[in-house]
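Following: one structure in structure tokens, then a few remarks.
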Amino acid sequence: MAATGTVVALSGGIGGAKLALGLARRLAPGALAVVANVGDDFSHLGLHVSPDIDTLVYTLAGLADPQQGWGRAGETWSFMSALAELGGPSWFRLGDGDLAMHVMRTHRLAQGVPLSQVTAEVCASLRIATRILPVTDDPVRTRVRTDQGWLDFQDWFVGHRAALTVRELAFAGAAEATPLPAVLAALAAPDLRAVVICPSNPLISIEPILVVPGMRAALAACKAPVIAVSPLIGGRAVKGPTAAMLTDLGGAATAAAVAERYRDLLDGYVIDEADRAALDALHVPAIATRTLMITLADRERLAADVLAFADRLGASA
Ligand code: FO1
């Protein structure tokens, strides 16, 4: 008989959203809750932009741009053209359809509605059965120290194309933040089958989730197996600055080094076939499989492998 139960995924943007979609498609509608990073959020042109939440929303709604990973497919750019004509900033691109999301979110936040509820409303409108839960409704903002000083995350990531060497990271507001009650409830659910740490950047996507007080304890206390999927394949990230950041901050760009960062949380670890040789040296039970997610079938198959592994670990616990 197929296993039932709920699953919680921890995710940043593009890579995490791909696995979240695979998990959503392998599970009963509503069985998946995705805890989203809010450290990339920022205010731009007076609008509240939540890039990782939006990547999850668009991916799970089937609206995501398949090439760039963020934003909407078939997007038009009239707003950006008009903005440029007026001499406005063009370094951060807001498509016309995407703009509606930021205007809507900013409007609702100004009415006093918390980010989690705005996100739930958007999910309901787009008929997304998966619960997308910001880790907190409080502001947590990732900051990056470079040789040019401290930068806001999007200034570093998009403005400087993540090209400046990272010397240090900080998560402003994290110490004062409270985890979303729905996140803690999802992690404590009696029918929880697995927690999946998606193949997102461990430093700037997963850490700003874990750093919210109470999150590590909630994961450590959770009864279901906690499994991470390595974001590295043969020491390289599929997209983004993960490998460079790991080495810039004095670590190694290896699947084993990522597992080490999650050491106190993991019951299982999933690495790519290309890293199979690392299996024996890992401190947790691990499997090697194909983790590259190009097609929808790749996402579903990786999700199935992760769930089967979790069920094996859960049965032997
Ligand atoms: N990434 C870019 O590289 N350039 C952009 O102009 C850009 C605009 C953008 C607008 C809305 C949104 O939700 C995301 C956007 N991103 C853009 C992606 C995003 O900033 C990063 O990929 C994430 O923050 C990292 O996960």
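One table, with the values for the structure above:
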quantity	calculated
Qualifying residue in segment 9-26 (condition: closer than 23 Å to Gly173 by Cβ and without any contact (Cβ under 8 Å) to a residue 40 or more places away in the chain)	no
Considering residues of segment 102-128 that are touching a residue at least 24 places away in the same chain (Cβ under 8 Å) and among the polar types (S, T, N, Q) only, the residue farthest from the ligand (Cβ to nearest atom)	Ser116
Every residue from segment 261-294 that is surrounded by fewer than 15 Cβ atoms within 10 Å (Cβ to Cβ) and in contact with a His (Cβ under 9 Å, 6 or more places away or on another chain)	Arg263
Segments classed as strands (runs of 3 or more DSSP E), wholly inside segment 155-254, with at least 2 members that are under 18 Å from Pro51 (Cβ atoms)	168-172
Identity of the residue in segment 58-101, among the polar types (S, T, N, Q) and modelled with pLDDT under 95, that ends up nearest to the ligand (Cβ to nearest atom)	Gln68
Subset of segment 148-165 that is over 20 Å from the mean Cα position of the chain (by Cα) and either in contact (Cβ under 8 Å) with a residue 60 or more places away in the chain or closer than 21 Å to Arg263 by Cβ (or both) - its residue that is surrounded by the most Cβ atoms within 10 Å (Cβ to Cβ)	Gly159
Close pairs from segment 184-200: first more than 17 Å from Ala3 (Cβ to Cβ), partner of a type outside the set (Lys, Arg) and surrounded by fewer than 17 Cβ atoms within 10 Å (Cβ to Cβ), Cβ under 8 Å, at least 6 apart	Leu184/Gly214; Leu187/Ala221; Ala188/Ala221
Subset tally (residues that are crowded, with 20+ Cβ neighbours inside 10 Å and either aromatic (Phe, Trp, Tyr) or not in a loop (DSSP other than H, G, I, E, B) (or both)) for segment 124-147	7
Hits in segment 129-160 - residues which are β-branched (Val, Ile, Thr) and away from the ligand (no atom under 16 Å from the Cβ)	Thr130, Thr136, Thr146
Every residue from segment 16-40 that is within 13 Å of the ligand (Cβ to nearest atom) and either basic (Lys, Arg) or surrounded by fewer than 24 Cβ atoms within 10 Å (Cβ to Cβ) (or both)	Lys18
Residue, nearest to the chain's Cα centre (by Cα), within segment 1-15, restricted to residues that are within 16 Å of the ligand (Cβ to nearest atom) and outside any loop (DSSP other than H, G, I, E, B)	Ser11
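The values are calculated or read from the model by the stated rules, or taken from the named source; none is laboratory data. Keep in mind that what you see is a predicted model, and the values were worked out from it rather than measured. Quick reminder, even Gly has a Cβ in these numbers, built from the backbone with ideal geometry, and neighbours come from all protein chains shown.
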